[in-house]
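Below is one structure; the comments refer to it alone.
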Amino acid sequence: MDAGLLAQFVANGLMLGMMYALVAVGFTLFFGVLDIIKFSHGDVLTVGTFAGFSTYLGLQALGAADPWLQVLAVLLVATGSMAFLGALIAKYLVMPLKSAPPLNILLVTLMLGTVLRECVRLFFPDGANPKRFPRLLPDDALALGSFNLRLDSVLLFLGGLAVIVAIHVLINRTKLGLAIRAVAQDEETAKTMGINFTLIVLVTFALGSAVAAFAGVMNGLYYSEINFGMGLLLGVIGFSAAIVGGLGNIYGAILGGFLFAALQTVGAVALPFASAYKDVFAFAVVIAIMAWRPTGLIAEKTSERV
Amino acid sequence: MKRARFLFAAALALGLAAGSAVAQKKEVKVVFIGPLTGGVSVNGLGGRNSADLAVRLRNADPKAKYKYEMVVLDDECKPNIGVQVATKAASDRAIIAGATHYCSAVAIGTVDTYHKFGLPVIVWGAVLPDITYGNDYKEIHRVNGTMINQNEVNAKFSTGQGFRKFAVIHDTTDYGKGHNKYFSENLAKNGGTIVGTFGVTADQQDFNAELTQIKSLNVDAIYFGGLTPIGVRIRSQMDRLGIKAQLVGTSGIVSDAFIEGLGPLAEGVLAFREGAPVEKLPGGQFFMQKYAEAKYGEAPEAYGAFAFAAMNLILDTIERVGPDRKKVTAALNKVKDVDSIVGKISFDDHGQNTVAAITKYVAQDGKWVVWEDSEYATGKRKLAGK
């Protein structure tokens, strides 16, 4: 295998990994502050992507054709509306069930996911068909032998990286981040220290959902195609990535995302069976890792989460 | 005396019933099944409209003996859903016959159901050979050709255009596997070689890993055996990776949705389909004109004419032998050289219509254009890598 080809595989894998990592971060954030698993995360991503897509259609209808303006508006609407939706879900579905068995929240969010997904399918015009997502970023290509890299892929990757860095700074360097960490560590103590617990939970859900919407738009721009079921597998993979990395730890989620993408690429490329089995392979390895390290690769420290 | 009065009343009732039957035709139910939602729903909706058109025209005909009602069911292009709706239709004894299925994976899954319940059906779009040839069921018929003919022509034509070294991507349903099998066989006969075969799932999103490998194999062309949604993804990801090879598709991507999903990237993609294009069919003008008059929301798409022909043949048969499943089945099996808008229909002993014509298509300026009429055939435009 020549170097160009290898570089191509790495570039593909990194891009996939970035998307998985962004989804996984949401799962880990929610688990950090509330100890819950929110299964509607993947479908929130879908709704966010379709919100962004509608924004694009609206701008197109209004005649605002500048691609940079469109990207910005699509991202703003998608992340903004999903932040709102995330907070709504937290306030009206998750918080009231906070002291119920965790299984209840898991079930409720699982059902909510189905509702969201079916709503996109039924109420978005022609929602059952795949939609062509516009190419809004410059697509100049760099070709080096068998290595081909398009500028929009690079921009998307850098965008994802910027989001991850921003989350890192937010959690570790700001007062809000301190409050999130405090809540994650010990809810009661955080409350007695004067932290508004409900507000922090809502903000965390808004943050996680906005990141998912970002990942969804990124997905659309990268593949130039979106459909109502896109969040389903992304949600499952993001969840697995968060678990493998160590649920509750942001860096674990990111590591898990990239690891899963690497496994899929290896499964499709290096192994002697049909590439249709790459997911089977990747999930099988995930099971093996779970057996080896039940708490994930970067185990959650008992004293600190997020 | 009492008895006589009863007889009189009964006779009167009978007379009334007979009288009303003359005034109002007996209602007969037929069924249409196709994918009305999901990735290939454009084809399903086009087929449904076309079948509906056949029923409407018949109901408007004063000479028709019955009044027809078409029950429409959605198989979602999923075998499990397909079997459910097929059972629903077949177990309703009021339904006499049906035009069924666009997706091969669904059609092959439902043949047993139709056989078990004795419902005569005519497949209007699915191309897997085994649907008719894999069983001896008298109930199953098909108006469109199979993927065997399609791939024979494809392999011969593609190698003739100078594409010798192929990579194959196919979905791992019966449909994709069938295409892979028949294309591989025929390509070998025509002196082409396949350097890599990739089975992918029918809802896969990311093909970068497969395509990167294909890129390193330096092929002349990529053969794709699958349906529109992943066809769209593969073509657009080929572009992202800078793969210059020609994409050669099957009847599964001959749809407007493929071109809409890709925009300018669709240009120059090849595909093959059984039967002549609608506008060149014997009754094509008539069909298109009536279709336009009925003002449906969707285009008839590639298989609309077959759906129309299938439904029309069903209605003709019911008119002739009456609304009885067994009689309709027997009559359909004897169909020989019957005129239809897709040409003459003759069912062989497996209920397969023996059409030979395969049409070659190339995407040009946002439309599927018949190869012979395209600027690619005249040499004005070149296929990829030529």
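The values are calculated or read from the model by the stated rules, or taken from the named source; none is laboratory data. What you see is a predicted model; the values in this text were computed from it and never measured. Glycine gets a Cβ as well: all are built from the backbone with ideal geometry, and neighbour counts include every protein chain shown.
Quick one: count up the residues across region B:194-220 that are at pLDDT 90 or above, within 27 Å of the chain's Cα centre (by Cα) and not hydrophobic (A, V, I, L, M, F, W, C).
2
I'd like to know if region A:267-279 contains one or more residues that are within 18 Å of A:Ala213 (Cβ to Cβ) and not acidic (Asp, Glu).
The answer is no, given that none of the residues of region A:267-279 is within 18 Å of A:Ala213 (Cβ to Cβ) and not acidic (Asp, Glu).
Take B:Val168 and decide whether it is outside any strand (DSSP E or B), in contact (Cβ under 8 Å) with a residue 12 or more places away in the chain, in contact with a Gly (Cβ under 9 Å, 6 or more places away or on another chain) and of a type in the set (Val, Ile, Thr).
For B:Val168, the condition - outside any strand (DSSP E or B), in contact (Cβ under 8 Å) with a residue 12 or more places away in the chain, in contact with a Gly (Cβ under 9 Å, 6 or more places away or on another chain) and of a type in the set (Val, Ile, Thr) - is not met.
State whether one or more residues within region B:280-294 are surrounded by fewer than 24 Cβ atoms within 10 Å (Cβ to Cβ), within 14 Å of chain A (Cβ to nearest Cβ) and without any contact (Cβ under 8 Å) to a residue 40 or more places away in the chain.
no
Determine which member of the set B:Lys156, B:Lys177, B:Lys138, B:Lys181 is more than 27 Å from B:Asn80 (Cβ to Cβ) and basic (Lys, Arg).
B:Lys156
Among the candidates B:Lys165, B:Lys181, single out the residue that is surrounded by fewer than 24 Cβ atoms within 10 Å (Cβ to Cβ) and within 22 Å of the chain's Cα centre (by Cα). Show your work before the answer.
On the way: B:Lys165 fails: within 22 Å of the chain's Cα centre (by Cα).
Going through B:Lys165, B:Lys181 in turn, the sole match is B:Lys181.
Kindly list, by first and then second residue, each pair from a residue in region A:1-23 that is in a helix (DSSP H, G or I) to a residue that is of a type in the set (Asp, Glu), limited to pairs with Cβ atoms under 7 Å and residues at least 6 apart or on different chains.
That search, which allows pairs on different chains as well, returns A:Leu16/B:Asp206.
Between a residue in region B:118-131 that is closer than 13 Å to B:Ala89 by Cβ and any residue that is among the hydroxyl-bearing types (Ser, Thr, Tyr) and modelled with pLDDT of 90 or more, which pairs come within a Cβ distance under 6 Å, given they are 6 or more apart or on different chains?
B:Pro120/B:Thr329; B:Val121/B:Thr100; B:Val121/B:Tyr114
Which of the residues that make up region A:1-27 are over 30 Å from A:Gly127 (Cα atoms) and surrounded by 24 or more Cβ atoms within 10 Å (Cβ to Cβ)?
Correct list: A:Gln8 only.
This table checks each residue for (1) modelled with pLDDT of 90 or more; (2) on the phi < 0 side of the Ramachandran plot.
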| residue | (1), (2) |
| --- | --- |
| B:Ile243 | yes, yes |
| B:Gln246 | yes, yes |
| B:Gly249 | yes, yes |
| B:Asp256 | no, yes |
| B:Gly263 | no, no |
| B:Glu267 | yes, yes |
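Of the residues B:Val111, B:Val106, which is surrounded by fewer than 23 Cβ atoms within 10 Å (Cβ to Cβ) and closer than 20 Å to B:Tyr182 by Cβ?
Going through B:Val111, B:Val106 in turn, the sole match is B:Val111.
If only one of A:Phe124, A:Phe157, A:Phe147 is within 14 Å of chain B (Cβ to nearest Cβ), within 29 Å of A:Gly220 (Cβ to Cβ), in contact (Cβ under 8 Å) with a residue 12 or more places away in the chain and within 19 Å of the chain's Cα centre (by Cα), which one is it?
The conditions single out A:Phe157.
What are the residues in region B:307-353 that are assigned to a helix (DSSP H, G or I), surrounded by fewer than 22 Cβ atoms within 10 Å (Cβ to Cβ) and among the polar types (S, T, N, Q), if any?
Scanning region B:307-353 gives a single hit, B:Asn333.
Being facing chain B (nearest Cβ under 9 Å), touching a Phe, Trp or Tyr at 6+ places or on another chain (Cβ under 8 Å) and not basic (Lys, Arg) is the filter here, so list the residues in region A:128-144 that pass it.
A:Ala128
Only one residue in B:Thr354, B:Thr378 is more than 23 Å from B:Val127 (Cβ to Cβ) and among the hydroxyl-bearing types (Ser, Thr, Tyr), so which one is that?
Result: B:Thr378 is the single residue among B:Thr354, B:Thr378 that is more than 23 Å from B:Val127 (Cβ to Cβ) and among the hydroxyl-bearing types (Ser, Thr, Tyr).
Restricting attention to region B:216-239, report how many residues are touching a Gly at 6+ places or on another chain (Cβ under 8 Å), over 16 Å from B:Phe258 (Cα atoms) and not acidic (Asp, Glu).
Residues in region B:216-239 being touching a Gly at 6+ places or on another chain (Cβ under 8 Å), over 16 Å from B:Phe258 (Cα atoms) and not acidic (Asp, Glu): 3 in total.
Go through region B:265-279 and give me each residue that's within 14 Å of another protein chain (Cβ to nearest Cβ) and in contact (Cβ under 8 Å) with a residue 60 or more places away in the chain.
Of everything in region B:265-279, just one residue is within 14 Å of another protein chain (Cβ to nearest Cβ) and in contact (Cβ under 8 Å) with a residue 60 or more places away in the chain, namely B:Ala266.
Output the residues belonging to region A:119-175 that are of a type in the set (S, T, N, Q) and surrounded by 13 or more Cβ atoms within 10 Å (Cβ to Cβ).
Answer for region A:119-175, where residues must be of a type in the set (S, T, N, Q) and surrounded by 13 or more Cβ atoms within 10 Å (Cβ to Cβ): A:Asn129, A:Ser146, A:Asn148, A:Ser153.
Among the strands (runs of 3 or more DSSP E) contained in region B:174-248, which hold 1 or more residues that are small (Gly, Ala, Ser) and more than 11 Å from chain A (Cβ to nearest Cβ)?
In region B:174-248, the matching strands (runs of 3 or more DSSP E) lie at B:221-225.
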